[in-house]
Amino acid sequence: MTSERVLFTSESVTEGHPDKLCDQVSDAMLDECLRQDPNSRVACETSTTTGVILVAGEITTHAYVDVPSLVRRVVNEIGYTNADYGFDYRTCGVITAIKEQSPEIAQGVNESIEAREGIDPKELGAGDQGMMFGFAVRETPELMPLPITLAHNVARELARARKSGALPYLRPDGKSQVTVEYSRGVPRRVHTVVVAAQHDPGIEYQRLCNDIRERVVRPAIGDAWLDEKTTYLVNGTGAFTIGGPMGDAGLTGRKIIVDTYGGYARHGGGAFSGKDPTKVDRSAAYALRYVAKNVVKAGLADRFEVQIAYVIGGARPISLNVETFGTGKVS
C-alpha cells in the first residue's frame, strides 16, 4: 500500500449471522468437552437452516454433553428468542451426527514423528498438515489492520444497540463492511461504511438509516475517521426482515477472513471454531499472531507476517518464513 491513494475494505458479521451462529455452537461444544476433559479431541462442525441445527464431527472425550440443551442455550444467548424471527431456541430442531476421531489420526497425534524417532517422547503431533499465518501492523492499539478493526466495532455496536434496547426493533442477524482510504500506506479516513441490519417489519427506512448512522456507526468508528465525504449504505435491498437461518443456511468455518485480518494479510485456509489445540489450524495461528504482535509491539517492525507449515503427526513445523514488508528495524 505505497500508492498515493488506495482503498481497502474488510467486513464483519454479528453473532446472529447464520455462519457465526454455527461457529459459536461448535466452540460451545469444544468448551464443554474441554471443561470436563482437558484431553478431549474435538473437531465439531455445525450447520443450520430454517428451523434446524445439525451438530456433526469427530469427538473423542470422557465428557458428557447434552447437545440439544447446549445448542438451545447458545441460540438463546445470541437472541433468537421469538418465533417471529423465523428461528427460535425453544422450537428449533437439533440433530447430532458425532463419531470418534479416526484412530489413524489419533495415532499420529498421540505419538508424534519426533516421539517415534526418539527426538522427544513427550511431544504431541499435529492433527493435520497445512500452513498458518500470523500478522500484526502498527495501525491500531490492537496492532490489527484498521478496516477489520472498525468493521468489528460496527458489528459489536449493532449487537449492543439491540441487546440494550437502544434500537429495540433490531434482530440478531447483521453484517458490517468498512472501506478505509490509505495514502502512502497510512490510513487517512473512512471512505464507505456498509451495514446490513436485520429489523422488525414496519420500520420506516429513513428512520433505520438515521439510527444506524448516528447510533451505531458514529459511536463505533468515531468522528476522527468519518468526514463529510464518507458514504453510508444501509440495507442495500431496502428491507431486511428475513434473516438468520431462515434467510440463509449457515456453516462453521465460512467466516475465516472475518475471524482473522479481514483480507489484509494472508490466510492458510483453515477455520478455528470447534477445534481443540491439537488442530494446528487454530493453535498455530494463535501462536503466530502472538509472535507477530510482540515483534511489532517491541518496535522490531511496523508490519510483520510469519508463516509456518506442518505435516500431520509432526510436532514441529517443517517450514518457517517471515516478512517485514520493508519495515524491519534490525538486520
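Scan segment 140-149 and tell me whether some residue there is in the same structural domain as E45 (by TED's automatic domain parsing), of a type in the set (D, E) and surrounded by fewer than 19 Cβ atoms within 10 Å (Cβ to Cβ).
No, segment 140-149 contains no residue that is in the same structural domain as E45 (by TED's automatic domain parsing), of a type in the set (D, E) and surrounded by fewer than 19 Cβ atoms within 10 Å (Cβ to Cβ).
Restricting to segment 35-89, what's the tally of residues that are in contact with a helix residue (DSSP H, G or I) (Cβ under 9 Å, 6 or more places away or on another chain) and of a type in the set (S, T, N, Q)?
9
Counting residues that are of a type outside the set (D, E) and either surrounded by fewer than 16 Cβ atoms within 10 Å (Cβ to Cβ) or free of Cβ contacts under 8 Å to residues at least 60 places away in the same chain (or both), which helices (runs of 4 or more DSSP H) fully inside segment 29-125 reach at least 3?
67-78, 103-110
In this structure, does I256 turn out to be farther than 26 Å from E15 by Cα and either within 16 Å of the chain's Cα centre (by Cα) or buried (at least 22 other Cβ atoms within 10 Å of the Cβ) (or both)?
The answer is no for I256.
Among residues belonging to segment 150-188 that are surrounded by fewer than 22 Cβ atoms within 10 Å (Cβ to Cβ) and hydroxyl-bearing (S, T, Y), point out the one that is farthest from T140 (Cα to Cα).
Y169
May I ask you to say which residue of A196, A136 is at pLDDT 95 or above, closer than 30 Å to R316 by Cα and touching a Lys or Arg at 6+ places or on another chain (Cβ under 7 Å)?
Criteria check complete, one pass: A136.
How many of the residues in segment 258-269 are closer than 13 Å to D23 by Cα and either in contact with a Gly (Cβ under 9 Å, 6 or more places away or on another chain) or not β-branched (V, I, T) (or both)?
1
The values are calculated or read from the model by the stated rules, or taken from the named source; none is laboratory data. Quick caveat: nothing in here was measured; it's all calculated off a predicted structure. No Cβ is skipped: glycine too gets one built from the backbone with ideal geometry, and neighbour counts run over all protein chains shown.
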